[in-house]
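**Student:** One structure is given below, represented as structure tokens, and several questions about it will come after.
What follows draws every value from the coordinates through simple rules; no lab data is involved. Here the structure is a predicted model, which means the values were calculated and not measured. Glycine gets a Cβ as well: all are built from the backbone with ideal geometry, and neighbour counts include every protein chain shown.
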Amino acid sequence: MDKQPRSSGFLILCRSPKPRFLLMKHADRLDLPKGHVDPGETDLEAAFRELEEETGILKSEVEHDASFCFENRYPVSASYYSGEANRTVTKTLLVFLGYIDREKPIQLTEHPGYLWVDWDPPHKLQANTIDPLLAQLASHLAPRQ
């Protein structure tokens, strides 16, 4: 049986000057700073590693909210993982929540750009992953607002 692929990342919210969250720009879509979990790494360790690699934001700069974790499972081509192009495997994505005090310039290494987006739910940015994540976060934050 194939090892099921796992990725993890962070949704970063800055608190000031107004609540905004970070999205990374790809050529054809918006995404989060995230990536594959390496052997021997926990999901959270991978998320912090990917955050630093893709943005320059250090673990020491992030207040991790351990009470929030978004999980999404979706089919992907097995060709990337096992070379079998005619089959799919289920990929698991875990997204953790982190806060930083202020927006900061992002050190781009893997993406052509980034975007700080105003926190103003409901959001309609990307139906399969980002919108459900932001909807779950809005529910998570509602009692605190």
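One line per residue, one yes/no per condition, for (1) more than 26 Å from Ser16 (Cβ to Cβ); (2) of a type in the set (S, T, N, Q):
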residue	(1), (2)
Glu63	no, no
Ser67	no, yes
Val95	no, no
Gly98	no, no
Val117	no, no
Pro132	yes, no
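**Student:** Something else: Just the residues that are of a type in the set (Asp, Glu) and either touching a residue at least 24 places away in the same chain (Cβ under 8 Å) or touching a helix residue (DSSP H, G or I) at 6+ places or on another chain (Cβ under 6 Å) (or both), please, taken from the range 1-34.
**Tutor:** Asp2, Asp31
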